[in-house]
Amino acid sequence: MSDMAAKPNLSPGVQTQGGIGTAAVPATEHGEHLHHDEHEHHDQHWLWKYVFSQDHKQIAKQFLITGMLWAILGGLLSSLFRLQLGWPEGSMEWLKPFLGKWIEAGKLNPEFYLALVTMHGTIMVFFVLTAGLSGTFSNFLIPLQVGARDMASGFMNMLSYWFFFLSSIVMLSSLFIETGPASAGWTIYPPLSALPQAIPGSGSGMTLWLVSMALFIVSQLLGGVNYVTTVINMRTRGMSMSKLPLTIWAFFLTAILGILSFPVLFSAALLLIFDRSFGTSFFLSDIYIAGQALSNQGGSPVLFQHLFWFLGHPEVYIVIMPAMGMVSEVLATNARKPIFGYRAMIGSLIGISLLSFVVWAHHMFVTGMNPFLGSVFMFLTLIIAVPSGVKVFNWLATLWRGNIRFTAAMLFSIGFVSLFISGGLTGIILGNATLDIQMHNTYFVVAHFHLVMGSSAFFGLFAGVYHWFPKMFGRMMDEKLGYIHFWLTFAGVYLVFMPMHYVGIAGFPRRYYAWTGFDAFSQFADMNKFISVAAIIAFLGQFIFIFNFFYSIYRGRRATQNPWNSTTLEWTTPVNPGHGNWPGEIPAVYRWPYDYSKPGSDVDFIPQNVPYSKTQSSNLPYEQEIAE
Amino acid sequence: MTALTILLVLVLLLVVFAMLFRLQIFTSIFSGTFTRDIGMSNSVNAILMLVFLVFGGAWFAYSFVENFNKMNPPIASIHGHEMERMFWITMAVIGVAFAITQSLLFVYSYKYQYKEGRRAYFFSHNNKIEVIWTVIPAIVMAALIFAGWKAWTRITGPAPKDSVVVELMGKQFNWLVRYPGRDMKLGVVNYRMIDAVNEFGFDLSDKSALDDFTTNEIHVPKGVPVLIKIRSRDVLHAVYMPHFRVQMYAVPGMPTRFWFTPTMTTDEMRAKLGNPGFNYELACNQICGGSHFAMKATVIVDEPDDYQNWYAAQESFAKKNPEVLAALKQKPASMVSQATTPAETKEVAPAPLAASY
């Protein structure tokens, strides 16, 4: 992949940091452990070094590159169905060489259209924005930023990736089977997803979907347990929870959400497998389909929705919170200012995490659920706007009177805040049960979540890649290509999703192959064409990033040790950290991670591992006490 | 041949881009800007931030106004008007928040761009303003929640006693419509009795089912509460009538309902819109299979008198399909009783029009 793995020089005793005070016991333990590691990892076979690696940095790269491949596929699928929506009368004959029987007489097969939207959603939500985002950066940054040699269990971490890989293979293979992939929407509501008679995609395609998702959940749990354990147990000397960078807080809470909610999806998937294959009736009742009355009685499709959204709602926070954490970090670093309201930022993350478990039924206001429950969930849902608002205000306050460097990562972070505002605000409409009667399942919903969790999380992902690329590969990405990539994507996202709100307010239903059959939905043909053009251009623009990424791995400008003048621990490692991250002892931590532009200091950043005794001129009164 | 030419042009374009990219790198190495951290591009990006705010904001405002009429389906129900008001009030509130926060974001980005020798202001927290911007959104949200909650309980509350009852049954891929007939009672239906003729699954051993009738179009009277009872016989569907601001899922095994009061007849709406072809439409709004996008029904709002006449002219299902009734009589009694569904479906439906007309 690259030459990032320099020969590990893990001999203990070489201190990167002027050791203040006595070396604590855990560090010594790590030292010995390292010595032991040296024998194991020195002359590794490439297979163990690059493929079945247990090094968190290598696993992070595996997640990232797999996620990128999935993102290209997910984007490609969306381009296909945008072609259909923009030009419902147009001929698709030219796609026949690629899609084969799914093009019938020059037309896209309507059932395949549903398969496209289903797979686009599944791929983007789970494989790109959960595994690709959280899998990459939780793995990469947690040990580096808390000051650990690796994850608590490198082996489990490796398994986490390979379960994800297996899950990817199963999901990918479902695209090529005779009856097509799962087509019941990414939310796979039964009975549609349970009955192959209802739609061909609910045959083997759905079976593979469920198997793939079960493997995916195993991967998530293995990863999540590791992240939580590492953050709790393996922080370096002095790294209290109140000195953790916001990235780590975000990854930590994300992992907890995943551990608590993914098993519920697993149970839902398991019950659905039972209904599909073993004749049970958890979700099926009173069904007459394909000329036959089924024997299933007493099940409830609404029960599935409760189970699904008990994961599904925390899932959107699993997607967005890592992005929030990374954006906080990048904004502070590049505004050269402490993040405003560090404790409020942690508090709002915790608030969002707690609330995310009690809002799921706002996806179900009009599904026949008791209206009283609707009232309760409306109340809880709209409350979540408060911590989200706090985060936005704090990001704005962080920019205020800063000294902003527009790196590509910074641009994407600012873009993230903008998209998060735009998409988040419409959540206030959708969270209101009364207004949701009209807006439910329209393009207003599609526009809302694509801005607030889709595009925002993607922007967080881009910010993360641009910012930590030097740490991953020891080289810099090309900044100018980064600028072009940003402005194209930023404008593209707004041009796609702002007009989509209009289409939604007009009541256009989502997951429609065409609206031509309805007079009520006839007025926006031009707008849909416009959206399609913007979406396809924005998708093609992503290849600038792909090019930049792979080009820079090999030919990018060589990075210095701390290219962004950042305060966090990962920048105290060598340019190309080997297995074990620090060649010598792990640095101890003395201060919070946001001492940027501190009055009285000569430099505009003081890394976390610099003790107060060395910064007499800039210490605040209480810090001075600690120093003495 | 054309395909080959296009391919060749694309490849050449890519090569040109790659060359330009290399050239750009070489020039920046030559001019010494390659390794500089902060150069011209910083102020270019800062200016672009401002440009994006101004032009993006202007484009958004323009396109919003331009499309405003297209994005408002005409309203034809009492609660629809209430929802519409609430929608635009909420839009105004979030519009203000949107304008303020987005402006600050881009203006700050421009204003506080990197300047040689300037130092950022070390400002880590301020409890007072943090409390303010926690409390103010909380108050605004509380107001919105309260308004939404009041409207929600009203809209989803029990239907008035004098409501007209229509039953819709979703199936792949059309809507079946049933009215209770002269006795104003919807009879028992049973999914096991469904076949090509008896699509609704009428159980004609139930007396109140005998006068129920089915239609292709949905007729409802203007100015009278209409209670729609909703069923599905296969997968999930959703009854979505954008003009009435009505939406409710059709769930197999679990009847649902929604009531509303139409305020304009189809003819009045045609006149108002100047569109003689106008019809109220019912769309399926929950993914249900390949022809989901074509699962449509027409709703006709009549003057109450016309509705009465139409209603009286309908012929019951049993009368139209005597063979279903005949077949039933041949079946052993045990099968019939076994197939009876819970009494819940036997609900008493009030007169199609209250005496006040």
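Residues checked against (1) more than 10 Å from chain B (Cβ to nearest Cβ); (2) farther than 20 Å from A:Met124 by Cβ; (3) in contact with a Ser or Thr (Cβ under 7 Å, 6 or more places away or on another chain):
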| site | (1), (2), (3) |
| --- | --- |
| A:Ser242 | yes, yes, no |
| A:Ser267 | yes, yes, no |
| A:Phe274 | yes, yes, yes |
| A:Ala290 | no, yes, no |
| A:Leu307 | yes, yes, yes |
| A:His313 | yes, no, yes |
| A:Ala323 | yes, no, yes |
| A:Val327 | yes, no, yes |
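Every residue, every condition in (1) away from chain A (no Cβ under 11 Å); (2) in contact (Cβ under 8 Å) with a residue 60 or more places away in the chain; (3) small (Gly, Ala, Ser), yes or no:
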{"residue": "B:Thr5", "(1), (2), (3)": "yes, no, no"}
{"residue": "B:Val9", "(1), (2), (3)": "yes, no, no"}
{"residue": "B:Leu14", "(1), (2), (3)": "no, no, no"}
{"residue": "B:Ser31", "(1), (2), (3)": "yes, no, yes"}
{"residue": "B:Leu50", "(1), (2), (3)": "yes, yes, no"}
{"residue": "B:Tyr62", "(1), (2), (3)": "yes, no, no"}
{"residue": "B:Asn69", "(1), (2), (3)": "no, no, no"}
{"residue": "B:Pro74", "(1), (2), (3)": "no, yes, no"}
{"residue": "B:His79", "(1), (2), (3)": "no, yes, no"}
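Take region A:189-205 and flag every residue that is aliphatic (A, V, I, L, M) and touching a helix residue (DSSP H, G or I) at 6+ places or on another chain (Cβ under 7 Å). Answer for region A:189-205, where residues must be aliphatic (A, V, I, L, M) and touching a helix residue (DSSP H, G or I) at 6+ places or on another chain (Cβ under 7 Å): A:Leu192, A:Ala194, A:Leu195, A:Ile199. Of all the numbered requirements in (1) farther than 25 Å from A:Ser79 by Cα; (2) buried (at least 23 other Cβ atoms within 10 Å of the Cβ); (3) not β-branched (Val, Ile, Thr), A:Gly154 misses one, and that requirement is (2). Applying a threshold of 6 Å to beta carbon distances and a minimum spacing of six or more residues, or different chains, the list of pairs starting in region A:453-469 at a residue that is crowded, with 24+ Cβ neighbours inside 10 Å and ending at one that is of a type in the set (Ser, Thr, Tyr) reads A:Ala463/A:Ser413.
Among residues of region A:485-497 being aliphatic (A, V, I, L, M) and within 10 Å of chain B (Cβ to nearest Cβ), the one that is nearest to A:Arg510 (Cα to Cα) is A:Leu495.
For region B:297-357, give me every one of the helices (runs of 4 or more DSSP H) that falls completely inside it and has 2 or more residues that are at pLDDT 85 or above. Give the steps one after another, and end with the answer.
Values: elements: B:304-313, B:317-320, B:322-330, B:333-338.
Fully inside region B:297-357 and qualifying: B:304-313, B:317-320, B:322-330.
The single condition from (1) buried (at least 22 other Cβ atoms within 10 Å of the Cβ); (2) in contact with a helix residue (DSSP H, G or I) (Cβ under 8 Å, 6 or more places away or on another chain); (3) within 10 Å of chain B (Cβ to nearest Cβ) that A:Leu349 fails is (3).
If I filter region B:16-29 down to residues being among the β-branched types (Val, Ile, Thr) and surrounded by 12 or more Cβ atoms within 10 Å (Cβ to Cβ), which single residue comes out as farthest from the other protein chains (Cβ to nearest Cβ)? Don't jump to the end; show me each part of the working.
Of all residues in region B:16-29, those among the β-branched types (Val, Ile, Thr) come to B:16, B:25, B:27, B:29.
With surrounded by 12 or more Cβ atoms within 10 Å (Cβ to Cβ) added as a condition, the list becomes B:25, B:29.
Working: B:Ile25: 7, B:Ile29: 9 Å.
Within region B:16-29, the match that is farthest from the other protein chains (Cβ to nearest Cβ) is B:Ile29.
One residue stands out among those in region A:477-525 that are outside any helix (DSSP H, G or I) and within 17 Å of B:Asn45 (Cβ to Cβ): the one that is farthest from the chain's Cα centre (by Cα), which is A:Asp478.
Just one of the listed residues (B:Met49, B:Met71) is among the hydrophobic types (A, V, I, L, M, F, W, C), under 47 Å from the mean Cα position of the chain (by Cα), in a loop (DSSP other than H, G, I, E, B) and surrounded by 15 or more Cβ atoms within 10 Å (Cβ to Cβ), and it is B:Met71.
Give the residues of region B:230-253 that are more than 26 Å from B:Met86 (Cα to Cα) and within 19 Å of the chain's Cα centre (by Cα), sorted by residue number. Steps first, answer last, please.
Residues of region B:230-253 that are more than 26 Å from B:Met86 (Cα to Cα), as a first pass: B:230-237, B:250-253.
B:Ile230, B:Arg231, B:Ser232, B:Val235, B:Leu236, B:His237, B:Ala250, B:Val251 - these are the residues of region B:230-253 that are more than 26 Å from B:Met86 (Cα to Cα) and within 19 Å of the chain's Cα centre (by Cα).
Going residue by residue through region A:118-126, is there one that turns out to be touching a residue at least 40 places away in the same chain (Cβ under 8 Å), closer than 16 Å to A:Thr254 by Cβ, out of contact with any Gly (no Cβ under 6 Å at 6 or more places or on another chain) and assigned to a helix (DSSP H, G or I)? The answer is yes, given that some residue of region A:118-126 is touching a residue at least 40 places away in the same chain (Cβ under 8 Å), closer than 16 Å to A:Thr254 by Cβ, out of contact with any Gly (no Cβ under 6 Å at 6 or more places or on another chain) and assigned to a helix (DSSP H, G or I).
Residues being of a type in the set (A, V, I, L, M), in a helix (DSSP H, G or I) and exposed (fewer than 10 other Cβ atoms within 10 Å of the Cβ): count how many of those fall in region B:1-15. So that I can check it myself, show each step before the final result.
Initial filter on region B:1-15 (of a type in the set (A, V, I, L, M)): B:1, B:3-4, B:6-15.
Cutting the leftovers down to in a helix (DSSP H, G or I) gives us B:3-4, B:6-15.
From what's left, exposed (fewer than 10 other Cβ atoms within 10 Å of the Cβ): B:3-4.
So the count comes out to 2.
Here A:Val493 passes the criteria (1) among the β-branched types (Val, Ile, Thr); (2) surrounded by fewer than 24 Cβ atoms within 10 Å (Cβ to Cβ); (3) under 27 Å from A:Phe137 (Cβ atoms) except the one numbered (2). Exactly one residue out of B:Ser109, B:Ser43, B:Ser103 is facing chain A (nearest Cβ under 7 Å), assigned to a helix (DSSP H, G or I), in contact (Cβ under 8 Å) with a residue 12 or more places away in the chain and over 29 Å from the mean Cα position of the chain (by Cα), and it is B:Ser109.
For A:Leu354, which of the numbered conditions (1) without any contact (Cβ under 8 Å) to a residue 60 or more places away in the chain; (2) within 13 Å of chain B (Cβ to nearest Cβ) fails to hold? Status for A:Leu354: all satisfied but (2).
Inside region A:124-151, can you point out the residues that are among the β-branched types (Val, Ile, Thr) and surrounded by fewer than 24 Cβ atoms within 10 Å (Cβ to Cβ)?
Quick first cut of region A:124-151, residues among the β-branched types (Val, Ile, Thr) only: A:125, A:128, A:130, A:136, A:142, A:146.
Once the filter is applied, which keeps residues that are among the β-branched types (Val, Ile, Thr) and surrounded by fewer than 24 Cβ atoms within 10 Å (Cβ to Cβ), region A:124-151 yields only A:Val125.
Scanning region A:254-308 for residues that are surrounded by 18 or more Cβ atoms within 10 Å (Cβ to Cβ), of a type in the set (Val, Ile, Thr) and without any contact (Cβ under 8 Å) to a residue 40 or more places away in the chain returns no hits.
Inspect all residues belonging to region A:386-405 and state whether any of them is more than 23 Å from the chain's Cα centre (by Cα), more than 7 Å from chain B (Cβ to nearest Cβ), closer than 28 Å to A:Ile339 by Cα and among the small types (Gly, Ala, Ser).
yes
Report, by residue number, each residue of region A:504-519 that is in contact with a Gly (Cβ under 9 Å, 6 or more places away or on another chain) and either surrounded by fewer than 24 Cβ atoms within 10 Å (Cβ to Cβ) or farther than 16 Å from A:Thr442 by Cα (or both). Across region A:504-519, the qualifying residues are A:Arg510, A:Arg511, A:Asp519.
Only residues that are buried (at least 22 other Cβ atoms within 10 Å of the Cβ), in a loop (DSSP other than H, G, I, E, B) and within 9 Å of chain A (Cβ to nearest Cβ) were counted in region B:232-288, giving 10.
Tell me whether region A:434-443 contains one or more residues that are facing chain B (nearest Cβ under 10 Å), among the hydroxyl-bearing types (Ser, Thr, Tyr) and outside any loop (DSSP other than H, G, I, E, B).
Checked region A:434-443: at least one residue is facing chain B (nearest Cβ under 10 Å), among the hydroxyl-bearing types (Ser, Thr, Tyr) and outside any loop (DSSP other than H, G, I, E, B).
Beta carbons closer than 6 Å, at least 6 apart along the sequence or on distinct chains, pair a first residue in region A:429-447 that is among the acidic types (Asp, Glu) with a second that is not in a helix (DSSP H, G or I) for A:Asp436/A:Phe365.
Highlighted here are the strands (runs of 3 or more DSSP E) found entirely within region B:131-218 that include at least 3 residues which are surrounded by fewer than 22 Cβ atoms within 10 Å (Cβ to Cβ) and touching a residue at least 12 places away in the same chain (Cβ under 8 Å): B:174-179, B:213-215. Within the bounds of region A:217-230, is there any residue that is out of contact with any strand residue (DSSP E or B) (no Cβ under 9 Å at 6 or more places or on another chain), without any contact (Cβ under 8 Å) to a residue 24 or more places away in the chain and not hydroxyl-bearing (Ser, Thr, Tyr)? No, region A:217-230 contains no residue that is out of contact with any strand residue (DSSP E or B) (no Cβ under 9 Å at 6 or more places or on another chain), without any contact (Cβ under 8 Å) to a residue 24 or more places away in the chain and not hydroxyl-bearing (Ser, Thr, Tyr).
The values are calculated or read from the model by the stated rules, or taken from the named source; none is laboratory data. Quick caveat, the model's predicted, so the values are computed rather than measured. Note that each Cβ is placed from the backbone with ideal geometry, even for glycine, and that neighbours are counted across all protein chains shown.
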